[in-house]
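J.: Have a look at this one.
The values are calculated or read from the model by the stated rules, or taken from the named source; none is laboratory data. Small disclaimer: the values here were computed from a predicted structure and weren't measured. Ideal geometry is used to build each Cβ from the backbone, glycine not excepted, and the neighbour counts take in all protein chains shown. With ligands, DNA and RNA removed, areas are computed over all heavy atoms of the protein, side chains included. Shrake-Rupley method; radii C 1.70, N 1.55, O 1.52, S 1.80 Å.
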Amino acid sequence: MEIIIEATKEMAADKIVEKIVSLVNIKKYPVISLPSGKTPLIVYQKMAEAYKRGEVDFSETLVLALDEFLGIPHDHPCSTFSYFQENLINQTNIDPRNIYLIDGRPTNLKSECRRVEEQIRDLGGIDIQILGIGRDGHIGFNEPGSSLTSRTRVKPLAQSTRDNLVSLFGAPEKVPPFCITLGIGTIMEADQVALLAFGNEKATAIKRCVEGPICSAFPASILQMHPEAELYIDEEAASLLEQRDFYKWAHESKSTIEEYMAKAPL
Ligand code: GLP
């Protein structure tokens with residue numbers, strides 16, 4: 001697990017955007033699975049800025065939705081599609097035909113979950129999975145207690161998650177109680193996983209994710225098992241990490257290893 005700690009969320013967002021842009025510039029039809037929520041908004045804004053500066057062409061980028069609320073249609077203002085439309089499709093040249101959604105109103109729930117899994121397989125797997133983190137440790141909508149090997153399926157939302165969504169939906173009774181989310185096993189099969197967290201309100205979650213035990217009671221802790229997991233966090237979100245200084249040094253010193261080897265006094 002690589003912990004990338006930047007002074008501000010803007011700087012952390014710049015770093016992950018650099019990574020996304022270089023993947024998109026190198027790979028034909030890169031498959032990127034993206035979350036909704038407040039945290040990644042600054043990243044999408046910076047992706048749009050990079051596009052407008054002519055640094056990247058997203059026309060062949062394939063975007064997957066990480067999750068979707070159950071019971072709402074694609075054109076609902078709170079759907080993942082509306083979120084992608086507002087923050088990505090309208091701001092970049094991502095082709096709407098290259099957006100792979102989860103249907104929140106399928107005729108058959110199990111078939112829809114199976115279809116999503118098959119789609120990921122047909123696309124050749126996820127190149128990079130971007131994640132936020134819930135304060136209760138959820139990734140996607142895999143709430144505490146989720147099987148660490150789970151596949152895409154229907155899940156109930158925890159009360160704390162529903163409380164956080166009241167401002168989006170406008171009233172507690174309008175918040176859907178269920179969703180479809182990529183499973184933890186599905187997420188863990190992505191070639192690379194990058195989790196974003198900013199601000200003091202995510203500090204406890206980041207501490208448990210990085211330095212806590214791996215357990216289904218805190219789903220994000222499973223990222224400790226991913227060989228290519230990176231965390232892009234700001235100083236506030238990093239503030240409770242016991243090994244914070246080491247993580248910073250380890251990341252910053254990586255670029256000096258070649259130079260060190262060239263000069264190493266053996
Ligand atoms: C939502 C999403 C997650 C997101 C998380 C954190 O419930 N399903 O993908 O990462 O909550 O949200 P926020 O970034 O708004 O704090």
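J.: When you scan the range 171-217, how many residues do you find that are open to solvent by 20 Å² or more (accessible area, probe 1.4 Å), of a type in the set (A, V, I, L, M) and closer than 14 Å to GLY140 by Cα?
T.: Number satisfying all stated conditions: 1.
J.: Is it the case, given these coordinates, that LEU240 is surrounded by fewer than 23 Cβ atoms within 10 Å (Cβ to Cβ), within 22 Å of CYS113 (Cβ to Cβ) and modelled with pLDDT of 95 or more?
T.: Considered against the rule, which asks whether it is surrounded by fewer than 23 Cβ atoms within 10 Å (Cβ to Cβ), within 22 Å of CYS113 (Cβ to Cβ) and modelled with pLDDT of 95 or more, LEU240 comes out as no.
J.: Looking at ARG97, is it open to solvent by 30 Å² or more (accessible area, probe 1.4 Å) and either modelled with pLDDT under 95 or farther than 17 Å from GLY185 by Cα (or both)?
T.: yes
J.: Still on this model: Suppose we filter ASP67, ASP122, ASP75 for residues that are charged (D, E, K, R), farther than 22 Å from LYS15 by Cα and within 15 Å of the ligand (Cβ to nearest atom); which single one remains?
T.: Result of the check over ASP67, ASP122, ASP75: ASP67.
J.: Considering only residues of the range 222-255 that are among the hydroxyl-bearing types (Ser, Thr, Tyr) and part of a helix (DSSP H, G or I), which is nearest to MET188 (Cα to Cα)?
T.: Going residue by residue through the range 222-255, those that are among the hydroxyl-bearing types (Ser, Thr, Tyr) are 232, 239, 247, 253, 255.
Next cut, part of a helix (DSSP H, G or I) only: 247, 253, 255.
Numbers: TYR247: 22, SER253: 27, SER255: 27 Å.
That would be TYR247.
J.: What are the pairs, 6+ residues apart or on separate chains, where a residue within the range 1-18 that is under 17 Å from ASP127 (Cα atoms) and free of Cβ contacts under 8 Å to residues at least 60 places away in the same chain has its Cβ under 9 Å from a residue that is open to solvent by 20 Å² or more (accessible area, probe 1.4 Å) and acidic (Asp, Glu)?
T.: That search, which allows pairs on different chains as well, returns VAL17/GLU49.
J.: Restricted to the range 50-64, and to residues that are open to solvent by 20 Å² or more (accessible area, probe 1.4 Å) and not in a loop (DSSP other than H, G, I, E, B), which residue is nearest to the ligand (Cβ to nearest atom)?
T.: Only one residue tops the list, namely TYR51.
J.: From the list VAL166, VAL175, exactly one residue is without any contact (Cβ under 8 Å) to a residue 24 or more places away in the chain, in contact with a strand residue (DSSP E or B) (Cβ under 9 Å, 6 or more places away or on another chain) and within 13 Å of the ligand (Cβ to nearest atom). Which is it?
T.: Step by step, each of VAL166, VAL175 is checked, and only VAL175 is without any contact (Cβ under 8 Å) to a residue 24 or more places away in the chain, in contact with a strand residue (DSSP E or B) (Cβ under 9 Å, 6 or more places away or on another chain) and within 13 Å of the ligand (Cβ to nearest atom).
Conditions (1) on the phi > 0 side of the Ramachandran plot; (2) part of a helix (DSSP H, G or I); (3) under 18 Å from the mean Cα position of the chain (by Cα), marked per residue:
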{"site": "ASP14", "(1), (2), (3)": "no, yes, yes"}
{"site": "GLU18", "(1), (2), (3)": "no, yes, yes"}
{"site": "ASN25", "(1), (2), (3)": "no, yes, no"}
{"site": "LYS28", "(1), (2), (3)": "no, no, no"}
{"site": "SER33", "(1), (2), (3)": "no, no, yes"}
{"site": "TYR83", "(1), (2), (3)": "no, yes, yes"}
{"site": "ASN93", "(1), (2), (3)": "no, no, no"}
{"site": "GLY104", "(1), (2), (3)": "no, no, no"}
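J.: (1) in contact (Cβ under 8 Å) with a residue 24 or more places away in the chain; (2) farther than 21 Å from LEU196 by Cα; (3) open to solvent by 60 Å² or more (accessible area, probe 1.4 Å): which one isn't true of GLN45, the others all being true?
T.: Status for GLN45: all satisfied but (2).
J.: If you go through the range 15-31, how many residues are surrounded by fewer than 20 Cβ atoms within 10 Å (Cβ to Cβ) and either within 16 Å of the ligand (Cβ to nearest atom) or β-branched (Val, Ile, Thr) (or both)?
T.: Adding up the residues that qualify gives 2.
J.: Taking the options THR8, THR39, name whichever one is among the β-branched types (Val, Ile, Thr) and within 12 Å of the ligand (Cβ to nearest atom).
T.: None of the other options fit; the residue is THR39.
J.: Mind telling me which of the residues GLU230, GLU252, GLU235, GLU259 ends up being free of Cβ contacts under 8 Å to residues at least 24 places away in the same chain and under 26 Å from VAL21 (Cα atoms)?
T.: Within the list GLU230, GLU252, GLU235, GLU259, the selection yields GLU252.
J.: Name every residue in the range 133-167 that is open to solvent by 30 Å² or more (accessible area, probe 1.4 Å), assigned to a loop (DSSP other than H, G, I, E, B) and farther than 17 Å from SER221 by Cβ, in order of residue number.
T.: Selection gives ARG151 alone.
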